[in-house]
Amino acid sequence: MHHRHAAAPAHPLHRLAAALALAGLAPAAWAQAEEAGKLQTITVTAERRSENILEVPSSISTINPELLDVLATSGQDVRVLSGRVPSLNIESSFGRAFPRFYIRGYGNTDFRLNASQPVSLVYDDIVQENPILKGFPAFDLDRVEVLRGPQGTLFGRNTPAGVVKFESARPTRQREGYGSLTLGSFTTINAEGAINVPTSADSALRVSVLSQNRDDWVTNTYDAGPTQKLEGYSDNAVRLQWLLQSGKDFSALFNLHGRDFDGSSRLFRANIIKPGTNDFVDGFDPKKVAYDGVNRSELQNYGGSARLRWDLGGLALHSITGYETVKTYSGGDIDGGAPPYVFAGGPGSIPFLSETADGMPDHVQITQEFRVESTGSGPLGWQAGVYLFHEDYKVESFGFDSTAGNVEDQYERVRQKNNAYAVFGALNYAVTPELKLRGGLRYTIDKKSFGVEAYYSNEFVPAVLNGKPDLAALASFGPLSADISDRKMSGDLSATYALSKGVNIYGRAATGFRGSSVQGAGPFNDQSIAKPETNTSFEAGVKAELFDKRARVNFGVFSYTVKDLQLTAVGGATGNANVLLNAKKAVGQGFELDLQAYLTSSLLASLGLGYNDTEIKDPALAVSVCGNAQNLVTPNCTVTDPTNANGQALINGNPLPQAPKTTLNFTLKYSQPTPDGQWYVLTDWTHRSKVNFFLYESKEFTGKELTEGGLRLGYQWGNGKYEAALFGRNITNQIRIVGGIDFDNLTGFINEPRTWGVNFRANF
């Protein structure tokens with residue numbers, strides 16, 4: 001099926017998003033700006049209650065709403081937040097649909113739709129467990145919080161690396177809203193808006209919409225390919241919130257949301273890496289590919305939640321109920337090339353074809369939390385609760401043969417169920433006005449069942465060679481199902497000491513775990529199971545507001561040890577495989593620095609620096625390296641690790657994959673008032689050091705340092721009601737290889753190119 005992005009959107013979400021975004025362009029009142037030359041107090045909910053960030057004894061960073069707005073106007077997805085705070089990296093081999101999060105170098109490169117990640121995304125108090133759910137657009141947000149280190153006590157399983165929290169702007173009793181419209185490169189159109197209206201004396205409604213569209217800008221040079229234009233998308237989302245406040249004793253916040261995405265899947269580009277280096281081959285053009293296969297991606301995501309709170313006098317009872325469901329299909333030309341199927345040494349050349357697709361036809365996630373907390377003003381505070389999690393879904397995998405008209409020649413369907421139950425409690429106690437202690441425990445039962453429901457292979461060469469043409473034959477090679485039950489205790493202990501007003505030091509010890517993972521048998525590999533991993537972390541730091549709130553600094557050092565680290569060996573000479581492993585352990589250490597300061601009353605600067613030194617420690621652990629049986633002319637890559645007798649790389653001492661040792665972010669804003677408003681110049685920059693794409697190290701699959709900068713020139717008038725701005729993203733047009741495929745030539749994918757645009761915003 002040929003995919004056309006230029007067609008008018010037909011889905012109801014498209015029409016609703018466009019209508020509401022344009023409606024938001026009416027004039028109205030403008031929120032008060034912060035006191036000139038002074039930083040606003042940052043309030044976070046890392047401990048499940050609102051607190052000044054300076055008083056929370058852990059490493060936390062926030063992304064301020066203004067920068068969120070600036071980033072959102074570009075039309076990029078959630079990956080645009082990568083590097084915006086220290087030690088945060090976000091990448092994807094699926095494009096906009098499936099982001100992978102890493103904190104302090106600790107994440108998961110698994111590309112399967114049933115993969116788990118050690119970084120949890122919590123959106124409006126609801127965990128987004130499946131990696132597809134993590135791609136829901138970030139729009140109309142009040143704040144983004146990044147909690148580094150294990151968060152097992154209050155957030156549960158699958159948080160050993162940390163938590164990323166999105167909190168939407170809530171309904172208020174004011175009639176207000178905004179609309180934002182952006183036109184940019186590649187015919188990018190980004191429309192965003194919100195309308196907030198009181199519905200009674202005790203209730204209010206907020207409707208938020210987002211519509212992101214871009215034309216195809218990459219051309220397929222293989223004329224016989226079924227998809228000739230690529231990289232366009234239409235991504236639309238809507239969120240409805242209704243707040244009910246009945247006096248001081250009861251409040252309820254109801255949330256309905258949905259997303260509809262239609263666009264290109266990730267563009268894999270065959271043979272774009274110069275052998276023996278990590279440079280592009282001569283003649284590489286980011287606007288061209290050579291594809292003989294189909295490329296398309298689509299996704300529909302719907303959900304809802306109910307957050308209820310009762311004030312019972314001295315304590316408060318919370319009930320948080322969540323529901324999520326998603327359907328997705330993503331198919332691509334994984335080999336990234338076209339005929340002739342020989343090693344030719346240039347872009348688009350491949351030794352054999354590989355065209356696959358993955359889909360999730362059925363999915364449901366249900367969560368329920370009951371939590372009670374103290375509300376008194378005494379030295380002792382506490383909270384306790386129970387948590388229930390249920391997820392049930394199917395994943396389909398397809399293979400195609402372009403030489404036979406892109407007919408389906410391989411199919412597999414698996415089903416995974418996951419049920420988790422937890423009880424938790426936490427205490428905080430003010431020993432003195434200066435010294436405060438905190439601690440908590442959580443006990444979790446995590447059950448997972450997995451099974452292959454259907455399988456066949458018809459003329460799919462690797463499958464035939466492996467003798468696995470159908471489900472019965474596949475079963476003869478090993479188990480097709482698994483039932484796992486994990487029971488784990490996690491906890492934390494911390495202390496904060498106020499050296500003076502506005503200056504606190506802290507220390508924290510915490511543990512977290514990720515439940516067992518299963519990947520099913522297929523044409524390239526048998527079933528693999530990774531047992532639970534556990535992380536023990538220690539950190540200490542200082543948080544301070546200085547110079548009458550004109551500067552704020554957070555600095556911390558950390559060290560962590562992950563036992564039984566779950567790793568994913570993907571690709572290699574074994575083909576398009578996905579095998580789970582456990583390393584005996586991995587260690588990480590480093591520091592983070594957050595700094596914001598008004599250099600003058602008109603000049604605001606921020607700096608974030610993260611240093612993460614990670615290392616796998618398992619002398620016997622070996623993985624398959626790049627290559628394939630068909631390409632015997634030259635090695636696929638230059639492996640720098642030692643190898644065992646089987647030609648596998650020994651990865652002991654290697655850093656974790658996609659783990660930059662250094663991350664850096666910097667912003668600078670200069671503003672100047674005028675008689676009717678103000679103009680400003682804002683620049684923002686992110687930098688990460690080199691990364692390994694895979695578990696083994698090689699010259700070709702080492703990603704170079706990446707530096708991306710943004711620039712925005714804007715003018716506000718009408719007492720802040722209106723704003724017009726010119727902007728650029730990746731203004732130096734630094735193009736880098738950010739990921740690879742290592743079983744079929746030197747295939748990689750790249751970052752976003754330079755874009756320019758104009759943005760108009762109106763507040764009412």
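The values are calculated or read from the model by the stated rules, or taken from the named source; none is laboratory data. Just so it is clear, the structure is predicted and the values come from calculations on it, not from any experiment. Reconstructed Cβ throughout: ideal geometry from the backbone, glycine too, with neighbour counts over all protein chains shown.
Quick notes
- Test result for THR511, among the β-branched types (Val, Ile, Thr), over 20 Å from SER624 (Cα atoms) and buried (at least 18 other Cβ atoms within 10 Å of the Cβ): yes
- Of the criteria (1) within 19 Å of ILE735 (Cβ to Cβ); (2) at pLDDT 95 or above; (3) of a type in the set (A, V, I, L, M, F, W, C); (4) over 25 Å from the mean Cα position of the chain (by Cα), which one LEU253 fails: (1)
- For the stretch 472-487, the set of residues classified as modelled with pLDDT of 90 or more and within 15 Å of SER397 (Cβ to Cβ) consists of LEU480 only.
- Of the residues making up the stretch 288-296, at least one is surrounded by fewer than 21 Cβ atoms within 10 Å (Cβ to Cβ) and assigned to a loop (DSSP other than H, G, I, E, B).
- Restricting the stretch 201-227 to residues that are over 30 Å from LEU353 (Cβ atoms) and of a type in the set (Val, Ile, Thr), the residue that is surrounded by the fewest Cβ atoms within 10 Å (Cβ to Cβ): VAL207
- Taking each residue of the stretch 96-122 that is in a strand (DSSP E or B) and looking for partners that are surrounded by fewer than 23 Cβ atoms within 10 Å (Cβ to Cβ) and among the acidic types (Asp, Glu) with beta-carbon atoms closer than 7 Å, six or more apart or interchain, yields ARG100/GLU91.
- Of all residues in the stretch 98-111, those satisfying the criterion of being more than 22 Å from TYR611 (Cβ to Cβ) and modelled with pLDDT of 90 or more are PHE98, PRO99, ASP110.
- Residue ID - nearest to the chain's Cα centre (by Cα), chosen from residues in the stretch 151-205 that are within 30 Å of VAL562 (Cβ to Cβ) and assigned to a strand (DSSP E or B): VAL164
- Breaking point among (1) over 29 Å from the mean Cα position of the chain (by Cα); (2) part of a strand (DSSP E or B); (3) over 25 Å from ALA72 (Cα atoms); (4) not aromatic (Phe, Trp, Tyr), for LYS248: (2)
- The residues listed here are ASN665, ASN636, ASN654, ASN646; of these, the one that is surrounded by fewer than 16 Cβ atoms within 10 Å (Cβ to Cβ), among the polar types (S, T, N, Q) and either out of contact with any Pro (no Cβ under 7 Å at 6 or more places or on another chain) or not in a strand (DSSP E or B) (or both) is ASN646.
- Residue count, the stretch 474-496 (criterion: over 29 Å from the mean Cα position of the chain (by Cα) and crowded, with 17+ Cβ neighbours inside 10 Å): 4
- Annotation: GLY75 fulfils all but one of (1) at negative phi; (2) touching a strand residue (DSSP E or B) at 6+ places or on another chain (Cβ under 7 Å); the unmet one is (1).
- Among the conditions (1) touching a helix residue (DSSP H, G or I) at 6+ places or on another chain (Cβ under 9 Å); (2) at pLDDT below 95; (3) of a type in the set (Lys, Arg), the only one that LYS543 does not satisfy is (2).
- Residue check, GLU723 closer than 30 Å to PRO347 by Cα and among the acidic types (Asp, Glu): no
- Scan of the stretch 521-563 for residues that are under 28 Å from ALA482 (Cα atoms), charged (D, E, K, R) and buried (at least 18 other Cβ atoms within 10 Å of the Cβ), ordered by number: GLU533
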